[in-house]
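Let me begin by presenting the structure, written as structure tokens, before commenting on it.
The values are calculated or read from the model by the stated rules, or taken from the named source; none is laboratory data. Keep in mind the model is a prediction, meaning the values are calculated, not measured. For neighbour counting, all protein chains shown are included, and Cβ atoms are generated from backbone atoms with ideal geometry for every residue, glycine included.
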Amino acid sequence: MPFQLISKGSAAIKVDAAVQEESGAYSPAAAEAWGIVAEHTIPMAISKGTFWHLLKAPELSDAYRNVFLLAKERRFSSIAVPIFLPDAGSRVQEQCMRAAVSAARSFLSENEMDIYLVIDSRERFPFSKKRLKDVSRYINRHYDPRFWEESESGAYTFSRTAGPGLPMQGAEPPLPAAGARVCEEIRPYDGRKLEELLDNMEETFTEMLLRLIDEKGRKDTEVYKGANIDRKLFSKIRSDKDYSPKKATVLALAVSLKLSLDETKDLLSRAGYALSMSRKSDVIVQYFIEHREYDLFLINETLFFFQQPLLGSMAK
């Protein structure tokens, strides 16, 4: 899991090293309060007590990057970085967050390491007001938890909470009334020729993935790094044409390849999944794909803000 955002204390994580404030206020013992178990600590040149608002973003980002470089020098494969969001206004909080994410993004583009950014307060997590408004509006239009529910196997059943007059779980969904508008999500192949679909009908997930990588002229390294998955997992997918990945992996790869919504649904179907408007995380990912915004870091920050599972990082 190359990059992961975690809320303080929400889950226990075990890493090779954790970042320690220069002042020494942060220690392996104190790390337990953050849910971090680490054998080593790495000092950071900026302490919690620093006047964050006087720091320029490049300086703050360099401080984080130096931590990652030191971890690499010591041959650590995983590191947890507590992110202190100061009580100094949303602009300063966003600067702190942007600096940490920018450093992680830059470092991971050239190196292999599991980086956990542990946020001290989800409530103060900086998020663009405009982005929040746009995504929230999209969720309100598309998200409906009453209908289809997805099981761990990827199969769908009708929800028991569908509401009065609607079928119970296991029943067939009702046919649309005459003249009713059919949602786009049940027309997954709109926009592509029938011959193209028939030619590739027997492809497995892995075969389709490798074909798309070739067609788009992408390198394997670019794809798996852009999908926030590690090299070992990608190698496993590539070497086994019948490999069954998790849904988070498939969506992460779709984002990395900058697939259209149509192509994303096709790739998902090869792995036995579908986008479900009863899952808020699926709705959020669909928002970004429809708007052709393929920044996985931004997508994961949005999922984190809405308390949804991230893409790629938790996939196995």
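Considering only residues that are among the hydrophobic types (A, V, I, L, M, F, W, C) and either modelled with pLDDT of 80 or more or buried (at least 21 other Cβ atoms within 10 Å of the Cβ) (or both), which ones fall in the stretch 13-34?
Of everything in the stretch 13-34, those that are among the hydrophobic types (A, V, I, L, M, F, W, C) and either modelled with pLDDT of 80 or more or buried (at least 21 other Cβ atoms within 10 Å of the Cβ) (or both) turn out to be ILE13, VAL15, ALA17, ALA18, VAL19, ALA31, TRP34.
For every residue, the table says whether it meets (1) assigned by TED's automatic domain parsing to the domain that holds ILE289; (2) charged (D, E, K, R); (3) farther than 30 Å from SER78 by Cβ; (4) at pLDDT 90 or above.
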| residue | (1), (2), (3), (4) |
| --- | --- |
| SER159 | yes, no, yes, no |
| GLN169 | yes, no, yes, no |
| ASN200 | yes, no, yes, no |
| THR204 | yes, no, yes, yes |
| ARG238 | yes, yes, no, yes |
| LYS241 | yes, yes, yes, no |
| SER244 | yes, no, no, no |
| ALA252 | yes, no, no, yes |
| SER256 | yes, no, no, yes |
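Can you spot a residue in the stretch 264-271 that is free of Cβ contacts under 8 Å to residues at least 60 places away in the same chain and either over 18 Å from ILE139 (Cβ atoms) or assigned by TED's automatic domain parsing to the domain that holds HIS142 (or both)?
Checked the stretch 264-271: at least one residue is free of Cβ contacts under 8 Å to residues at least 60 places away in the same chain and either over 18 Å from ILE139 (Cβ atoms) or assigned by TED's automatic domain parsing to the domain that holds HIS142 (or both).
So LEU268 fits all but one of (1) buried (at least 20 other Cβ atoms within 10 Å of the Cβ); (2) within 17 Å of GLU293 (Cα to Cα); what number is the exception?
(2)
Quick check on TYR64: is it buried (at least 19 other Cβ atoms within 10 Å of the Cβ), at pLDDT 80 or above, not in a strand (DSSP E or B) and not acidic (Asp, Glu)?
Spelling it out, TYR64 is indeed buried (at least 19 other Cβ atoms within 10 Å of the Cβ), at pLDDT 80 or above, not in a strand (DSSP E or B) and not acidic (Asp, Glu).
Give the residues of the stretch 211-246 that are of a type in the set (Gly, Ala, Ser) and exposed (fewer than 12 other Cβ atoms within 10 Å of the Cβ), sorted by residue number.
Once the filter is applied, which keeps residues that are of a type in the set (Gly, Ala, Ser) and exposed (fewer than 12 other Cβ atoms within 10 Å of the Cβ), the stretch 211-246 yields GLY217, SER239.
Kindly provide the set of residues from the stretch 210-233 that are more than 19 Å from ASP114 (Cβ to Cβ), part of a loop (DSSP other than H, G, I, E, B) and of a type in the set (D, E, K, R), ordered by number.
LYS216, ARG218, LYS219
Please go through the stretch 235-261 and pick out each residue that is within 18 Å of ARG218 (Cβ to Cβ), of a type in the set (A, V, I, L, M) and touching a residue at least 40 places away in the same chain (Cβ under 8 Å).
Those that are within 18 Å of ARG218 (Cβ to Cβ), of a type in the set (A, V, I, L, M) and touching a residue at least 40 places away in the same chain (Cβ under 8 Å): VAL250, LEU251, ALA252, LEU253, VAL255, LEU257, LEU259.
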